[in-house]
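Visitor: I am attaching a structure below and will ask some questions about it afterwards.
The values are calculated or read from the model by the stated rules, or taken from the named source; none is laboratory data. Model, not experiment: these values are computed from the prediction. Positions of Cβ are backbone-derived with ideal geometry, glycine not excepted, and every protein chain shown enters the neighbour counts. Heavy atoms of the whole protein, side chains included, go into the accessibility calculation; ligands, DNA and RNA do not. Shrake-Rupley method; radii C 1.70, N 1.55, O 1.52, S 1.80 Å.
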Amino acid sequence: MKVLKFGGTSVGSAKNINKVIQILKNSSQKSAIVVVVSAVGGITDKLLTAANQAVAKQSQYKETFKIIKDQHLSIISELISGDSQELIKEVVCAKLTRLEQLLDGLYLINELSPKTTDKLLSYGELLSSYIISESLKSKGLDAALKNSQELIVTDKVFTNASVNFKITNANINNYFSNNSVAITLVPGFISKSKDGEITTLGRGGSDYTAAIMAAALDAEELQIWTDVSGMFTTNPKLVKQAQPIQKLTYQEAVELSHFGAKVLYPPTVQPVLDKEIPIVIKNTMAPEDSGTSITKHISNGANLAVKGISNISDIALLTLQGNGMVGIPGFSKRLFETLSQEKINVILITQASSEHSICIGIAEKDAEAAKEAIDITFENEISLHKIDPILVEEDLAIIAIVGDNMKNHQGISGKMFSALGKNNVNIRAIAQGASERNISAVIQKKDVKKALNTLHERFFETKTKQLNLFITGVGNVGERLVEQIRQQKEYVSKNLKLNLRVIGLSNSRTMAFDVDGIPLESWKEVLANGEKASLNGFLDGIKTLNLRNSVFVDVTANQDVANLYPEYLGQNIGVIACNKIACSSDYENYRLLKHLSFNYNAPFLFETNVGAGLPVIDTLNHLITSGDKISSIQAVLSGSLNFVFNNFNDKTRFYDVVKQAQKEGYTEPDPRIDLSGVDVARKILILARESGTAMNLEDIQNTSFLSPSGLESDSVDDFYETLIADETHYQNLYASAKANNCQLKYVAEFNNGKANVALKEIPEGHPFYNLEGKDNIVMFYTERYPEQPLIIKGAGAGADVTASGLFADIIRIANN
Ligand code: ADP
Ligand code: ASP
Ligand code: MG
């Protein structure tokens with residue numbers, strides 16, 4: 001004998017019921033089966049909705065009732081043909097009329113007691129079991145319907161009754177010993193008290209009905225059929241990468257289901273556990289999938305430490321604290337007695353060893369009643385200030401990692417909490433069962449999805465890490481970056497086990513988000529069809545998505561964007577800046593950003609601020625972290641100025657060379673920022689700061705080579721005019737260098753805490769002399785490199801190299 005249970009998700013439509021019938025046909029050929037069915041999918045909730053509407057005097061309950069009625073009638077029309085269809089509809093309509101009368105009654109008296117709730121909810125299972133049994137018969141199967149209310153006897157705790165196993169087991173055995181049909185169908189969830197009042201076994205209770213049947217009948221197997229292919233490593237609706245678990249022990253299944261894996265109703269396992277009956281969880285929509293098998297022991301020894309991660313939402317945390325509690329016994333006894341009198345279930349308990357406070361997690365719906373009752377219990381102590389009035393925090397959830405084998409492994413809780421910490425999931429309380437089968441943490445409700453994904457990645461997908469990118473400023477450089485990500489995605493995923501996803505894109509006009517990753521083949525269309533761009537809107541979008549490993553990439557040169565970095569970092573969102581404004585802003589701001597990055601565990605990288613894609617800052621950081629000290633930096637840091645002076649001579653106009661540099665994308669949008677030396681000053685400032693010197697832009701001596709009118713021009717167009725007018729000024733610079741057999745290079749220097757930038761005549765033989773095109777060069781003189789400097793040289797401007805510098809920052813974050 002086998003017991004098969006089909007959940008509401010399996011019997012939600014005629015199409016699904018046909019799948020069920022097929023499964024039953026196959027199973028009943030092998031042995032006699034007992035089939036437990038839930039209410040048609042979603043009906044239990046709809047019945048509750050209708051009842052609440054009626055009680056609240058909202059006439060919509062009639063509409064809700066109509067939906068319930070239509071849903072059942074249309075299932076009958078689709079499943080059963082011929083004369084019997086009308087007959088069955090009549091029976092069902094009679095039942096529905098009684099249900100409608102009950103709802104009308106609720107509307108009149110506007111009150112819904114637990115007792116009436118059970119009566120009302122029982123209609124769901126009664127209707128579905130009747131309809132399914134008739135369809136089985138109409139398909140020629142040897143089936144009979146038995147009302148489980150005549151078998152399962154409970155106490156009178158309505159909505160959550162306890163089973164009287166002695167009477168129930170006797171009833172079941174008695175019935176089945178005189179019964180020889182191949183398929184016995186029973187409604188799940190519903191039961192009766194000894195004196196015949198309708199009771200139910202609690203939400204999700206059909207699983208329990210099935211387990212009671214299986215245990216009473218010593219079934220060889222209990223099969224739970226649902227809409228997923230087994231119990232998953234975590235809730236598959238919240239974590240896409242969740243996988244079915246092949247094997248679980250009873251205890252693991254209990255822990256997982258206690259903590260919210262609602263695919264199995266918690267008490268289910270108890271009756272079958274004593275009898276050691278195996279449970280299999282199967283998918284009605286994919287019967288060929290092997291599903292999850294749950295047994296007392298797992299034989300093959302290959303049992304992972306962490307088997308699953310689950311969560312319970314809608315938790316409130318009660319904290320009882322005060323100096324008066326220390327060392328005095330009896331406080332917790334009184335606390336728990338109070339809760340038990342109020343029939344409030346305690347889900348989690350922690351007490352600090354200081355005994356100064358006790359924290360308990362309960363269902364949020366019970367919070368108000370709990371506070372009232374506890375404050376009364378401790379009225380006296382509160383008035384004497386021995387303890388504080390109970391503190392209630394809401395909007396919380398519990399997440400738990402579960403596995404029998406965790407006790408044999410060190411460092412699991414360390415991994416759990418460091419993964420959560422890195423993603424800024426704030427932990428309010430922690431509990432670990434002495435069995436070490438479960439480690440639970442109370443977190444904010446809004447963090448649940450992120451926490452589950454983080455832990456899932458940590459424990460089940462150690463091989464791949466996901467990085468969620470939000471890129472703003474997809475102009476020249478930004479576009480190349482997206483293109484590089486598209487090209488490298490597969491390589492990075494295969495070789496670095498890194499899943500790079502672009503979740504948000506923005507330019508100055510529009511912005512777009514896609515939680516599943518914007519398809520990089522068509523990002524331009526996606527962005528063009530996005531919503532109107534706004535800096536705060538982009539930030540809010542990222543915050544709301546609340547994805548782990550989120551990184552904001554700023555490829556603008558915009559002050560307002562840079563002003564928002566503190567907001568990003570403070571939300572544990574990493575920042576990669578191509579924009580130099582933040583790092584060259586006021587020293588206090590630079591410090592703040594570094595500080596936020598450290599405190600919120602949010603990487604802040606800006607390699608492209610100096611030397612585009614050249615690893616200048618990275619090298620500097622490596623030198624310093626390995627204990628070296630920077631004594632001096634000599635550098636040519638402007639790709640644009642280098643391009644200009646490498647191409648400028650007595651046969652070209654200065655104006656034309658500058659124009660060309662701008663056209664090729666080697667200058668800032670405003671070329672004055674490059675030509676005035678400000679851009680170079682910013683770069684040496686950033687290197688000085690990264691070397692450990694507190695300095696501001698004003699502290700850098702900047703000797704300009706521009707003509708006086710060039711310096712004073714107040715628009716880009718004006719500025720270009722002055723270049724034409726002052727050609728002689730620039731030709732003189734060239735002539736002087738030529739006469740001295742020198743090359744003109746714009747040089748930045750940092751020496752003993754001081755920095756300067758200026759155009760210099762570089763003699764032959766100097767490392768700067770042969771610097772070509774738009775190349776940059778940086779020479780670090782350090783304690784370890786006192787005479788022969790460490791030199792970094794290469795292209796220091798251009799969209800492609802800059803984009804690849806940003807890409808390198810992304811990879812640095814991923815490797816961290
Ligand atoms: P049924 O109607 O078949 O009783 P339930 O809705 O009670 O189905 O339970 C199945 C659902 O449980 C799945 O659709 C899934 O969303 C949810 N679920 C939550 N956690 C898990 C988990 N760890 N593994 C599988 N399913 C889970
Ligand atoms: N129909 C009931 C519920 O929705 C019982 C069950 O589905 O297991 O809770
Ligand atoms: Mg269920």
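Visitor: What about Thr97, is it more than 17 Å from Phe6 (Cα to Cα), modelled with pLDDT of 95 or more, touching a strand residue (DSSP E or B) at 6+ places or on another chain (Cβ under 9 Å) and of a type outside the set (Lys, Arg)?
Guide: Working: more than 17 Å from Phe6 (Cα to Cα): yes; modelled with pLDDT of 95 or more: yes; touching a strand residue (DSSP E or B) at 6+ places or on another chain (Cβ under 9 Å): no; of a type outside the set (Lys, Arg): yes.
Taking the combined requirement at face value, the residue does not satisfy it.
Visitor: Among the residues of region 575-621, write down those that are assigned to a loop (DSSP other than H, G, I, E, B), touching a Leu at 6+ places or on another chain (Cβ under 9 Å) and of a type in the set (Gly, Ala, Ser).
Guide: Hits for region 575-621 are Ala582, Ser584, Ser585, Ala602, Gly611, Gly613.
Visitor: Oh, and also: Out of curiosity, is Thr350 touching a Cys at 6+ places or on another chain (Cβ under 7 Å) and either polar (S, T, N, Q) or farther than 30 Å from Gln246 by Cα (or both)? Steps first, answer last, please.
Guide: On the way: touching a Cys at 6+ places or on another chain (Cβ under 7 Å): yes; either polar (S, T, N, Q) or farther than 30 Å from Gln246 by Cα (or both): yes.
Here the answer is yes, as Thr350 does meet what is asked.
Visitor: State all residues of region 517-549 that are more than 14 Å from Thr472 (Cβ to Cβ) and touching a residue at least 40 places away in the same chain (Cβ under 8 Å); if no residue qualifies, say none.
Guide: Leu545, Asn546, Leu547, Arg548, Asn549
Visitor: What pairs come out if I take residues in region 367-395 that are touching a residue at least 60 places away in the same chain (Cβ under 8 Å) and acidic (Asp, Glu) and pair them with residues that are assigned to a helix (DSSP H, G or I) and buried (at least 18 other Cβ atoms within 10 Å of the Cβ) whose C-beta lies under 8 Å away, six or more apart or interchain?
Guide: Asp388/Ile382; Glu394/Glu364; Glu394/Ala367
Visitor: Given the residues Val474, Val442, Val448, Val402, which is the only one that is under 30 Å from Gly805 (Cα atoms) and not hydroxyl-bearing (Ser, Thr, Tyr)?
Guide: Val474
Visitor: A further question on this structure: Tell me whether region 11-25 contains one or more residues that are part of a helix (DSSP H, G or I), closer than 23 Å to Gln101 by Cα, within 11 Å of ligand 1 (Cβ to nearest atom) and open to solvent by 20 Å² or more (accessible area, probe 1.4 Å).
Guide: Looking only at region 11-25, we keep the residues that are part of a helix (DSSP H, G or I), and these are 14-25.
With the extra rule that they be closer than 23 Å to Gln101 by Cα, the set shrinks to none.
No, that holds for no residue.
Visitor: Tally up the residues in region 404-433 that are within 23 Å of Ala602 (Cβ to Cβ), open to solvent by less than 50 Å² (accessible area, probe 1.4 Å) and polar (S, T, N, Q), please.
Guide: 1
Visitor: How many residues, within region 102-133, are farther than 18 Å from Ile68 by Cβ, open to solvent by 40 Å² or more (accessible area, probe 1.4 Å) and either among the aromatic types (Phe, Trp, Tyr) or away from ligand 2 (no atom under 16 Å from the Cβ) (or both)? If you could, list the steps in order and put the result at the bottom.
Guide: Our first condition is that a residue be farther than 18 Å from Ile68 by Cβ; within region 102-133, this holds for 108-111, 113-115, 133.
After this cut, where a residue has to be open to solvent by 40 Å² or more (accessible area, probe 1.4 Å) as well, the list is 108-111, 114-115.
Within this subset, residues satisfying the condition of being either among the aromatic types (Phe, Trp, Tyr) or away from ligand 2 (no atom under 16 Å from the Cβ) (or both) are 108-111, 115.
Matching residues across region 102-133 total 5.
Visitor: Being crowded, with 21+ Cβ neighbours inside 10 Å and either more than 14 Å from ligand 3 (Cβ to nearest atom) or within 26 Å of the chain's Cα centre (by Cα) (or both) is the filter here; which residues of region 261-274 pass it?
Guide: Within region 261-274, Ala261, Val263, Leu264, Tyr265, Pro271, Val272 meet the criteria.
Visitor: Follow-up. For Ile309, are the conditions met, namely being within 12 Å of ligand 1 (Cβ to nearest atom), in a strand (DSSP E or B) and over 26 Å from the mean Cα position of the chain (by Cα)?
Guide: On the way: within 12 Å of ligand 1 (Cβ to nearest atom): yes; in a strand (DSSP E or B): yes; over 26 Å from the mean Cα position of the chain (by Cα): no.
So Ile309 fails the test.
Visitor: Just a yes or no: is a residue in region 52-60 in contact (Cβ under 8 Å) with a residue 12 or more places away in the chain, outside any loop (DSSP other than H, G, I, E, B) and within 16 Å of ligand 2 (Cβ to nearest atom)?
Guide: yes
Visitor: Would you point out the residue of region 203-234, among those that are of a type in the set (D, E, K, R) and over 31 Å from the mean Cα position of the chain (by Cα), that is nearest to ligand 3 (Cβ to nearest atom)? Before the answer, list the steps.
Guide: First pass over region 203-234, keeping only residues of a type in the set (D, E, K, R): 203, 207, 218, 220-221, 227.
Checking which are over 31 Å from the mean Cα position of the chain (by Cα) leaves us with 218, 220-221.
Details: Asp218: 24, Glu220: 23, Glu221: 18 Å.
Per the stated criteria, the residue is Glu221.
Visitor: Of Leu256, Leu304, which residue is open to solvent by less than 10 Å² (accessible area, probe 1.4 Å), in contact (Cβ under 8 Å) with a residue 60 or more places away in the chain and away from ligand 2 (no atom under 16 Å from the Cβ)? Steps first, please.
Guide: Numbers: Leu304 fails: open to solvent by less than 10 Å² (accessible area, probe 1.4 Å).
When all the criteria are applied, what remains is Leu256.
Visitor: Is it fair to say Glu727 is of a type in the set (Asp, Glu) and open to solvent by less than 70 Å² (accessible area, probe 1.4 Å)? So that I can check it myself, show each step before the final result.
Guide: Values: of a type in the set (Asp, Glu): yes; open to solvent by less than 70 Å² (accessible area, probe 1.4 Å): yes.
Spelling it out, Glu727 is indeed of a type in the set (Asp, Glu) and open to solvent by less than 70 Å² (accessible area, probe 1.4 Å).
Visitor: Right, another one. On the given criteria, is Lys296 open to solvent by 20 Å² or more (accessible area, probe 1.4 Å) and either under 26 Å from the mean Cα position of the chain (by Cα) or acidic (Asp, Glu) (or both)? Working first, answer last.
Guide: Values: open to solvent by 20 Å² or more (accessible area, probe 1.4 Å): yes; either under 26 Å from the mean Cα position of the chain (by Cα) or acidic (Asp, Glu) (or both): no.
Spelling it out, it is not the case that Lys296 is open to solvent by 20 Å² or more (accessible area, probe 1.4 Å) and either under 26 Å from the mean Cα position of the chain (by Cα) or acidic (Asp, Glu) (or both).
Visitor: Here is a follow-up. Please determine whether any residue of region 226-242 is within 17 Å of Ser129 (Cα to Cα), within 13 Å of ligand 2 (Cβ to nearest atom) and either crowded, with 22+ Cβ neighbours inside 10 Å or at pLDDT 95 or above (or both).
Guide: Restricting attention to region 226-242, the residues satisfying the condition of being within 17 Å of Ser129 (Cα to Cα) are 226.
Narrowing further to those that are within 13 Å of ligand 2 (Cβ to nearest atom): 226.
Okay, now just the ones that are also either crowded, with 22+ Cβ neighbours inside 10 Å or at pLDDT 95 or above (or both), so 226.
Yes, region 226-242 contains at least one residue that is within 17 Å of Ser129 (Cα to Cα), within 13 Å of ligand 2 (Cβ to nearest atom) and either crowded, with 22+ Cβ neighbours inside 10 Å or at pLDDT 95 or above (or both).
Visitor: Select from region 1-58 the residues that are within 13 Å of ligand 3 (Cβ to nearest atom) and among the polar types (S, T, N, Q) and write down the one among them that is farthest from Thr184 (Cα to Cα).
Guide: Applying the filter and picking the extreme gives Thr44.
Visitor: Can you give me the ranges of the strands (runs of 3 or more DSSP E) entirely in region 161-217 with at least 3 residues that are more than 16 Å from ligand 1 (Cβ to nearest atom)? Spell out the reasoning first.
Guide: Numbers: elements: 183-187, 190-193, 198-200.
The strands (runs of 3 or more DSSP E) meeting that bar are 183-187, 190-193.
Visitor: Does Arg682 count as under 21 Å from Thr608 (Cβ atoms), in a helix (DSSP H, G or I), open to solvent by 20 Å² or more (accessible area, probe 1.4 Å) and in contact (Cβ under 8 Å) with a residue 40 or more places away in the chain? Give the steps one after another, and end with the answer.
Guide: Details: under 21 Å from Thr608 (Cβ atoms): yes; in a helix (DSSP H, G or I): yes; open to solvent by 20 Å² or more (accessible area, probe 1.4 Å): yes; in contact (Cβ under 8 Å) with a residue 40 or more places away in the chain: yes.
So Arg682 fits the description; yes.
Visitor: Those residues that are open to solvent by 20 Å² or more (accessible area, probe 1.4 Å) and either within 16 Å of Gly478 (Cβ to Cβ) or in contact with a Lys or Arg (Cβ under 8 Å, 6 or more places away or on another chain) (or both), I need them from region 800-816; list them, please. Don't jump to the end; show me each part of the working.
Guide: Initially, region 800-816 is screened for residues open to solvent by 20 Å² or more (accessible area, probe 1.4 Å), giving 800-801, 804, 807-808, 811-812, 815-816.
Listed by number, the residues that qualify are Asp800, Val801, Ser804, Phe807, Ala808.
Visitor: Name the pairs whose Cβ atoms lie under 6 Å apart, with the first residue in region 479-498 and open to solvent by 70 Å² or more (accessible area, probe 1.4 Å), the second not aliphatic (A, V, I, L, M), and 6 or more positions between them or separate chains?
Guide: What qualifies is Arg480/Asp800; Lys497/Lys463; Lys497/Thr464.
Let's see how each residue does on (1) in contact with a helix residue (DSSP H, G or I) (Cβ under 9 Å, 6 or more places away or on another chain); (2) within 15 Å of Leu47 (Cβ to Cβ); (3) in contact (Cβ under 8 Å) with a residue 24 or more places away in the chain; (4) not aromatic (Phe, Trp, Tyr):
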| site | (1), (2), (3), (4) |
| --- | --- |
| Lys89 | yes, no, no, yes |
| Gly105 | yes, yes, no, yes |
| Asn110 | yes, no, yes, yes |
| Pro114 | no, yes, yes, yes |
| Ser122 | yes, yes, yes, yes |
| Leu127 | yes, yes, yes, yes |
| Ile132 | yes, no, yes, yes |
| Ser138 | yes, no, yes, yes |
| Asp142 | yes, no, yes, yes |
